[in-house]
Structure formats: structure tokens, C-alpha cells
1. In Å, what is the Rg of the alpha-carbon atoms in the range 84-136, and how long is Dmax?
2. Take every DSSP beta bridge whose two residues both sit in the range 214-468, then give the antiparallel share in percent to the nearest 5.
3. Using alpha carbons only, what's the Rg to Rh ratio of the range 214-468 with Rh from Kirkwood?
4. Normalised by the residues of the chain, what does the relative contact order come to in percent, with Cα pairs under 8 Å and at least six apart?
5. If R₀ is 22 angstrom, what is the calculated FRET efficiency for the pair Ala56 and Leu82, using the beta carbon separation as r and rounding to 0.05?
6. If you restrict to DSSP beta bridges whose two residues both lie in the chain, what percentage is antiparallel, to the nearest 5?
7. Say the dipole of the range 135-223 comes from +1 at the beta carbon of Lys and Arg and -1 at that of Asp and Glu; which of Thr175, Pro205, Val186 then lies farthest toward its positive end?
8. What is the calculated FRET efficiency for Thr223 to Ser172, with r their C-beta to C-beta distance and R₀ = 25 Å, to the nearest 0.05?
Amino acid sequence: MVQSTARTPTNNSNDDSTAEIVIVAVCRLAWFLVRCILILAWWAILFPMVSLPILATVYVLILHGWMPAMVVAVVSIVCLVLWRFVWPGSFRRLVSFRLWARRRRHRVYRQPWAVLCALHGLTTPLDGQPVVPRLRKTRIGHAADELLVQLIPGQTVADWATQSDAFAHSFSANTVNVTAAGPGWVRITVHHTDSLTAPIRVPTPSKPVNLEAIPVGVAESGTPWLVRVLGRHLLIAGATGSGKGSVVWSILAGLAPLIRDGAVQTWVIDPKGGMEFGRGTALFDRFAYDTSEQTLTMLRDAATILTERAERLRGVTRQHVPTTLEPLILLVIDELASLTAYQTDRKIAAEITQLLGVILSQGRAVGVNVIGCVQDPAKDIVAMRQLFPTRIGLRLAEATQVGMVLGAGAREAGALCDQINDALPGVGYICEDGTTTVTRVRAFHVTDADIDTLAASYHRPLPTDEENGATPADPDDTAGPGF
């Protein structure tokens with residue numbers, strides 16, 4: 001009896017422990033099933049184009065048997081396959097990309113986030129436990145993803161920026177940029193796919209033309225790259241073969257209808273003997289292809305028009321509005337260095353520098369704008385580059401040149417102009433005054449045939465003798481019809 005009495009508490013204890021284990025297991029299994037149901041329900045809501053055929057098949061199976069259900073399933077699959085091949089764009093946007101994005105958000109970012117932060121030294125121990133920065137938002141894109149991260153107290157944006165290269169390897173990405181997104185927040189941009197590898201044909205110019213949004217190419221996000229010409233000077237810097245001509249010709253193509261109508265006049269200086277722009281002389285009101293008196297005269301005339309308009313518009317308006325009677329004058333200079341640093345005649349070089357300074361500092365408001373191109377953005381060559389509100393950096397030879405063109409901190413913000421592949425002419429980064437962000441873009445690919453078409457279709461007819469009361473211009477006059 002004593003032995004039997006002694007064993008009873010032990011058996012009761014074992015029974016209680018077993019019951020607890022069973023209850024815990026049942027609760028965990030129930031919670032697992034609830035989570036699975038919630039996840040399936042959420043995915044069914046997110047992807048109705050897939051869940052509805054499945055639900056319809058199950059419904060028919062329950063009510064009518066397996067044969068009608070099989071018919072519904074086959075018809076649904078055939079419809080999805082036809083959708084995939086007949087309308088691939090919408091299928092990719094509504095089905096395949098969304099599935100891929102959900103998987104990438106979880107597998108690449110959410111799931112390994114705490115481990116990645118620890119391995120990159122971005123966690124902080126507190127009471128023996130690591131404090132992990134919160135990954136608040138993730139936005140998956142076709143070419144780049146954006147992560148919004150809340151910093152741990154004591155961290156700075158620089159702490160994360162120094163890990164950009166390491167993050168790129170961890171995410172299997174091309175590049176990773178880290179920028180401030182507000183006090184206590186950083187934005188991590190993960191460029192995982194290069195969407196600018198294929199050349200983009202220049203589109204046919206369309207009307208009406210918006211001088212504040214000229215289509216020049218495509219941004220990395222897939223949106224149109226629009227450049228403001230009205231009230232802006234543009235600086236385009238890039239090594240030989242980087243695509244400076246593509247950017248300029250893309251702008252001229254966008255302006256072609258206004259050039260034909262006379263609301264925009266193009267004055268072009270091509271110091272390389274006219275090799276770059278000579279093919280499109282029919283689009284130009286004035287054309288100079290040397291660095292001597294011809295160019296100097298053009299700059300003097302631009303400065304004179306600038307002064308006259310400023311006198312006339314003072315107190316009337318703050319921004320000149322182009323018309324056929326008083327057009328926007330677009331001064332295109334193919335190589336600034338040829339006019340300044342490489343000019344052998346010091347007297348001419350000094351006057352050119354002085355005239356450029358006047359035009360760049362005073363010309364935007366009165367409709368005398370400059371598009372300047374340069375190969376070597378050294379300080380002694382582009383001494384007035386801070387007067388260009390819009391700066392475009394194509395492929396550059398050195399990392400230090402990025403800051404010379406786009407400004408201090410541009411390379412840290414993601415403008416890797418020195419790493420652009422030689423096989424990608426027209427690819428570059430654009431930066432505008434008033435913003436610290438840089439955007440990766442690619443200009444349209446403009447061929448010689450495209451230039452010939454533009455020159456033939458959009459040249460401005462010369463005035464007749466009756467219209468201007470003067471004799472026609474000498475066709476051999478290299479100064480062009482605008483002189």
C-alpha cells in the first residue's frame with residue numbers, strides 16, 4: 001500500500017505534463033492552420049486572376065463532379081496562357097511581376113534583414129540583445145528597389161553609406177545608393193537590373209512642344225526623361241564617345257516643330273570644323289565652325305540681344321515667353337574648352353570668357369539659353385559651370401570629375417559616371433539645382449539618317465524677297481541665314 005500510494009503523485013504529474021504538451025501542440029497547430037488560411041486568403045485577394053479560377057474549379061467539383069471541374073480548370077489555364085502570349089505587357093504587370101515582387105520582398109529583404117544588419121555592423125547591443133534597425137517599407141521596382149529604414153539612435157546616414165558596396169554584394173545588385181530620407185531615416189536604393197542597356201530610337205517630334213519638358217530619353221525607372229529648356233542653361237560633360245551628341249540632338253529633335261515655326265532659333269558653335277553638327281545646318285539659324293572671329297561675332301550678337309531684351313522687359317515680366325517675333329535663342333557650344341582653355345589667342349579667349357559670363361549669368365530670364373558640352377571638366381576649363389542649373393554627367397574618365405560636373409556629394413549619392421560602360425553611349429546622370437538627388441538616364445539614339453530627316457522636315461523656310469525686302473542670303477555664307 002505504501003509503495004502504491006507513493007507512485008500515484010508521480011503518475012499524476014506525468015499525466016499533467018503530457019496533457020500540457022498536447023494542449024501546446026494543438027494550439028500551435030491551430031495557430032499554424034489559422035496563419036496558413038489567412039496567408040492564402042490574403043494571396044487570393046492580391047491575385048484574383050489566379051485565385052478565382054481555382055475557387056471556381058473547387059466549387060464546380062463539389063457541386064457537379066470531377067468532369068465539369070476538369071473542364072473549368074482547362075479553360076482557365078488556356079485563358080491564362082493566351083493572356084500571357086497575346087497581351088504579355090498586362091500579364092507581366094498584373095501577374096508575373098507581382099508574384100516575383102512578393103517573393104523578392106520576402107526572400108531578399110524581409111527574411112534576412114536582421115542577419116544582414118548584424119553582418120554589416122549596423123546593429124547595437126542593448127542589455128545583451130542586439131537592436132536591429134527597422135525596415136519600415138519596401139518598394140519593388142522593375143529596375144530598382146527602395147527600402148525605407150528607421151535608424152537606431154546614435155547612427156548616421158554616413159554609417160550606412162559606407163556599407164553601400166557591401167550591400168550591393170549581399171543583394172546581388174549592380175549598385176546600392178544610400179541617401180537621407182528625413183531625420184532618423186535612410187532610403188536605400190538597390191539597382192538590381194540595368195534597364196538602359198538597349199538603345200532607344202528617337203521618336204517623331206510632336207506638337208505642342210512644352211519648353212519645360214522636352215523629351216530627351218528614358219530614366220532608369222522607365223519614365224520619360226524630360227529636360228527643361230526654358231529658363232535653363234545645360235552643361236553636358238562626357239569623355240569622347242560618351243554620347244554628348246545624342247543628348248544635344250535629342251533636345252533639338254524635341255524642339256524641331258518650334259524651330260520650323262520660328263519660335264526657337266538655334267545658334268550652333270562647332271569648333272571641330274563642323275564635324276558634329278554640320279549635317280543638320282538646315283535647322284540652324286547661325287552656324288560657326290571655328291574659334292576665331294566668326295564665333296566671337298555670334299557671342300557678341302547674343303550678348304547684344306540679351307541687353308536689349310533686358311532693357312525692354314524690365315518691370316514687365318520675370319521670364320521671357322518665346323514667340324515667332326521674339327524667339328528663344330538656343331546657343332549650342334559643342335566644346336567649351338576650345339573657346340576658353342585651348343584658345344591660343346589670349347585676347348580672343350578673354351573676350352569669349354567675358355561674353356560667356358554675361359550670357360550665362362543674365363541670359364536665362366530673357367530667352368538666351370546655352371547648351372554647353374565639355375570633355376574635360378577640369379576647373380580651369382569650366383570655370384563657370386556653377387552657372388548651369390542643369391548638369392548632365394555622361395561617362396567620365398575619373399571619379400573626381402563627377403563632383404566637378406554634378407557637384408560635391410553627387411558620386412556618393414549614386415552618380416557613378418566613371419563606371420559607365422563604354423558600350424552605353426548616352427547613359428549618364430542628371431542633377432539640377434535645388435535638389436540633392438541624381439537620376440540615371442539614357443538619351444535617344446539619333447542616327448545620321450534621323451538628322452537628315454529632321455533637317456529635311458523641320459527646317460525653317462527662308463523668307464522670300466517680298467517678305468523681307470532684301471536679297472536672299474548667299475548660300476556660301478558660313479554664318480547662316482541668321483546673320
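The numbers here are math on the coordinates, done by the rules we state, and not lab data. Note that the coordinates shown come from a computational prediction; the quantities given were computed from them, not determined experimentally. Every residue, glycine as well, gets a Cβ built from its backbone with ideal geometry; the counts of neighbours run over all protein chains shown.
1. In Å, with Rg to one decimal and Dmax whole: 17.5, 59.
2. Values: 15 of 37 bridges.
Taking every DSSP beta bridge within the range 214-468, about 40 percent pair in antiparallel fashion.
3. Answer for the range 214-468: 0.95.
4. Worked out over the chain, it gives 14 percent.
5. Taking R0 as 22 Å, the efficiency between Ala56 and Leu82 is 0.80.
6. Working: 36 of 59 bridges.
Just about 60 percent of them are antiparallel.
7. Comparing the listed Cα positions along the dipole, Pro205 ranks first.
8. 0.50
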